[in-house]
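What follows is a short report on a single structure.
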Amino acid sequence: MFKAMLIKEFLLVSRDKHALAALFVMPAVFILIMSLALKDVFNEDKALIEYAVVDRDNSLESYSLISKLRANKLMNEHNISEDFGKPKEEGVQFIVVIPEGFKSQFSQNEANNSALQIEVASDIGQSHLMLFKTQILSSVMQVRLDAINLATEMQSGMRGEKSAIKKIEFDEAGIMNIHYAALSEDEKPTSTQQSVPSWIVFGLFFVIIPMSTIFINERKQNTLMRLSTMNVSLPVLFGGKIIPYMLINQLQVWVMIAVGMFVVPLFGAAPLTIGGDISALIAVSLALSLSAIGLSILIAVTVDSVEQATTIGGIINILLGAIGGVMVPKFVMPDFMKEFANVSPMSWGLEGFLDVFLRRGTISDVMYEVVGLILFGVVSLIIAAGIFNYKIRRVA
Amino acid sequence: MIKITNLLKRYDEKVALDYLTLEIKAGTIFGLLGPNGAGKTTLISILNGLTKYNEGEVTVFDLPLDKNLTEIRKRCALIPQTLAFYENLTVIENLNFFGGIQNIQADTLKKNIDYAVETNRLGSMLHQKAATLSGGQKRRLNIAIGLLNDPDILFFDEPTVGIDPESRNEILETIMSFKKVNKTVVYTSHYMPEIEKICDEVAIINAGKIIKQGSIESMLTNESADQLIFEIYETPLAALQECCLKMSALTVIDDSSLMLEGKESNTVSEALALLEAHSVAVKNIRYGTTTLESLFINLTSKGRADV
């Protein structure tokens with residue numbers, strides 16, 4: 001009985017080009033696009049700041065500052081003329097003007113009236129400005145330290161003795177060591193690892209459209225009624241939907257993972273690596289699948305037409321994605337939105353996948369999400385069964 | 001085969017079946033006639049276990065329906081009015097699916113599929129998508145699916161809606177062929193000529209009650225009717241029309257029957273004399289209406305008038 005159901009659903013889905021596009025092509029394309037688009041967000045070597053310098057001091061100190069800024073991998077310098085315009089017009093975010101007398105900052109005897117003049121483009125956000133200010137401060141600090149080191153060495157040299165004071169270094173690697181939780185020392189999270197889980201979750205919920213379309217057609221054409229007269233019970237009917245679509249969902253998961261591992265690197269982004277436990281990955285994807293199928297059946301029995309199913313299913317999918325952190329990562333959301341995100345089963349699935357892909361999670365780490373998703377799926381199916389029975393009775 | 005006694009079905013306050021009693025014998029083609037809302041679909045739904053009833057007794061194969069639904073369903077098939085199959089599957093994929101879902105043993109299923117395909121002349125289109133079939137072919141596939149469990153009773157709910165006359169005749173012939181293999185057919189339709197052509201027995205249902213039941217012949221021979229039917233040897237229509245021109249109470253039905261309005265002896269004598277004068281030889285005279293359709297309209301309109 002289930003074999004017949006399985007073959008039928010596979011044949012129907014495989015012949016529905018729109019369903020195939022929604023289930024496989026759309027999430028694969030999303031993974032590719034988002035991995036490439038966000039590639040630089042997770043790349044520490046990529047320059048984030050575009051700036052230009054106008055040196056009106058032409059001193060050793062100003063040259064030193066300029067060379068320190070040039071050495072900073074976060075910043076990309078542009079050349080501009082003395083009579084420069086606004087930052088936007090010059091194609092930069094910041095213009096640093098080193099005023100005449102800048103070198104006096106480094107002399108204790110001279111008055112300090114030569115602060116750097118920073119021109120900022122009007123569309124620069126606070127976080128970007130803060131980042132730039134930090135880079136300038138650290139560069140100026142380095143120039144000062146160099147001056148102190150030089151003065152110390154000169155004083156020791158004049159006295160004909162070797163300096164007893166250790167040269168003060170300002171090297172980031174010597175000050176701090178960055179380590180991402182659950183990753184090995186030299187590993188960093190990549191855009192692929194952030195994107196693949198999101199779009200797997202989103203893609204899995206797209207079973208709403210083919211499933212509800214087939215289900216509504218079956219209902220309208222009286223095929224479900226015919227199946228009832230053939231002793232097909234409601235649990236068998238639902239089971240005949242759950243099992244094939246669960247398999248389709250698992251196929252989706254592995255196709256998306258394969259895209260992340262083998263296709264995304266072809267376009268220059270980092271490949272996906274499955275850091276965590278495979279059993280945890282399977283548990284999350286099965287539980288997420290049950291919750292997506294439960295919701296799909298609930299929509300299918302509730303609405304009355306294919307048009308309604310496509311529209312309502314699509315809207316629910318996008319809303320759950322937006323709320324659940326698929327469209328916008330949860331770490332950029334304000335606190336109340338982060339709390340609100342937890343109402344979406346997509347959020348639970350996403351957290352489960354991130355546990356596996358990003359946090360090296362094991363089955364015990366994803367248990368909370370797995371149980372939540374299974375409960376969501378089961379409750380949806382129970383409500384769907386109630387609505388289905390009510391509608392059947394009303395029609396009869 | 002099917003015995004229904006005092007069947008009552010209510011939808012809230014509305015009575016759909018009003019203590020209906022009916023018996024359908026094995027091996028017959030039984031026509032169920034009635035205007036829209038008469039209770040035909042409710043009755044078919046109850047017999048297929050799709051709708052529960054409030055009161056009464058229903059036995060099928062001498063088994064109480066409510067306690068033996070699963071067993072009874074295994075020996076019945078409903079062929080709905082809608083095309084209840086998958087348009088995106090081929091003919092053979094549909095047959096395999098609907099056979100497979102019924103847990104029929106593989107060798108039996110193969111035999112049943114062969115029978116269904118042959119009976120419905122689907123052999124040349126097995127690998128064609130159902131969506132690409134013509135209207136008549138789709139209807140035949142709809143019937144073929146109903147034969148997969150080799151049912152003893154087939155319920156047809158208006159199986160010829162919206163198809164061309166040629167396909168309709170093919171389907172009617174298929175249904176008539178079931179009689180040869182001793183299957184019982186319960187047939188609902190609005191096309192009276194179809195019922196007249198294939199059914200052995202008919203029940204007319206109106207407002208949830210059977211208002212007339214019996215063989216078509218007995219129904220059309222109705223002593224209380226105001227018309228007489230003259231069954232004649234085949235005569236050119238021109239000659240018959242000439243008679244009708246001379247006597248307005250006479251109407252031509254076809255080249256072997258005439259209808260006379262009125263049954264008084266002098267009217268009958270006058271008609272007989274006229275026919276003799278035009279060399280029209282009368283085989284038989286019977287009371288009754290001309291067609292099932294007129295009887296149906298007569299009975300159901302009386303029902304409406306009573307309401």
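Some points to look at:
- Of the DSSP H helices in chain A, those whose Cα atoms cover at least 24 Å axially and whose Kyte score averages 0.0 or more: A:126-158, A:234-258, A:278-302, A:306-323, A:363-395
- Chain B, relative contact order in percent, only Cα pairs under 8 angstrom and at least six apart counted: 20
- Extension gain, B:Ser124-B:Lys180: 0.36 nm per intervening residue step, less the Cα-Cα distance, totals 17.7 nm.
- Table column - 3J(HN,Hα) (Hz), region B:53-63, Karplus curve with 6.51, -1.76, 1.60, x for Gly and Pro: 10, 8, 9, x, 10, 10, 10, 10, 6, 6, 10
- FRET E, pair B:Leu272, B:Leu8, Förster distance 45 Å, beta-carbon r, rounded to 0.05: 0.35
- With all protein chains modelled, accessible area of A:Val25 [1.4 Å, Å²]: 80
- Ordering B:Gln227, B:Ala239, B:Ala271 by Cα displacement along the dipole of chain B toward the positive end leaves B:Gln227 in first place; charges were set at the Cβ atoms of Lys, Arg (+1) and Asp, Glu (-1).
- Heavy-atom SASA rank of A:Trp199, A:Trp348 (probe 1.4 Å, accessible area, largest first): A:Trp348, A:Trp199
- Largest mean-square fluctuation among A:Phe357, A:Phe376, A:Phe132, in a Gaussian network model of chain A whose springs join Cα atoms under 10 Å apart, belongs to A:Phe132.
- C-alpha center-to-center spacing [region B:230-294, region A:354-396] in angstrom: 76
- Straight-distance crosslink candidates among aspartates and glutamates, where the alpha carbon sits under 16 Å from B:Lys74 and sequence neighbours closer than 8 are dropped: B:Asp62, B:Asp66, B:Asp150, B:Asp152
- Fluctuation leader among A:Ala19, A:Ala292, A:Ala121 - chain A, Gaussian network, Cα springs under 10 angstrom: A:Ala121
- Inter-label distance, B:Ser279 to B:Glu55: 6.5 nm, where each label sits 7 Å from its Cα along the C-beta direction.
- Note on B:Tyr287: accessible area is roughly 100 Å² with a 1.4 Å probe, heavy atoms of protein only.
- Of all complete DSSP H helices in chain B, those with a Cα span along the helix axis of 15 Å or greater and a mean Kyte-Doolittle hydropathy of -1.0 or more are B:106-119, B:135-146, B:165-180, B:265-277, B:292-306.
- Value at 222 nm in deg cm²/dmol, rounded to 500, when DSSP H runs of n ≥ 4 in chain A each add -39,500 (n - 2.57): -19500 deg cm²/dmol
- Cβ-based charge dipole, region B:1-85, positive-most Cα from B:Gly39, B:Tyr19, B:Leu83: B:Leu83
- Projected label distance in nm at A:Ser279 and A:Phe336, using a 7 Å step from Cα toward the beta-carbon: 4.3
- Within chain A, longest stretch free of exposed trypsin sites (Lys or Arg not before Pro) [DSSP loop, at most 12 other beta carbons within 10 Å]: A:168-396
- In this rough spin-label picture, where each label sits 7 Å from Cα along the Cβ direction, the B:Ser248-B:Lys110 distance is 7.2 nm.
- Computed with every protein chain present, the accessible area of A:Met176 is close to 100 Å² [probe 1.4 Å].
- Taking the helices alone, chain B has a mean residue ellipticity at 222 nm of -11500 deg cm²/dmol, built from -39,500 (n - 2.57) per DSSP H run of at least 4 residues and averaged over all its residues.
- Placing unit charges on the Cβ atoms only, positive for Lys and Arg and negative for Asp and Glu, gives chain B a dipole magnitude near 1040 debye about its Cα centre.
- Radius ratio Rg over Rh of the protein assembly as shown, counting only Cα atoms, Kirkwood formula for Rh: 1.28
- In chain A, Cα pairs under 8 Å separated by at least six residues give a relative contact order of 19 percent.
- A straight Cα-to-Cα reach below 30 Å connects A:Lys103 with the lysines A:Lys68, A:Lys73, A:Lys86, A:Lys88, A:Lys133, A:Lys162, A:Lys166, A:Lys167, residues fewer than 8 places away in its own chain not being considered.
- Taking a straight Cα-Cα cut-off under 15 Å and skipping sequence neighbours fewer than 8 places away in the same chain, the aspartates and glutamates within cross-link reach of B:Lys129 are A:Asp16, B:Glu87, B:Glu93.
The values are calculated or read from the model by the stated rules, or taken from the named source; none is laboratory data. A quick note: this is a predicted structure, and the numbers were derived from the prediction, not measured. Ideal geometry is used to build each Cβ from the backbone, glycine not excepted, and the neighbour counts take in all protein chains shown. Heads up: the accessible areas ignore ligands, DNA and RNA and are worked out on the full protein's heavy atoms, side chains in. Shrake-Rupley method; radii C 1.70, N 1.55, O 1.52, S 1.80 Å.
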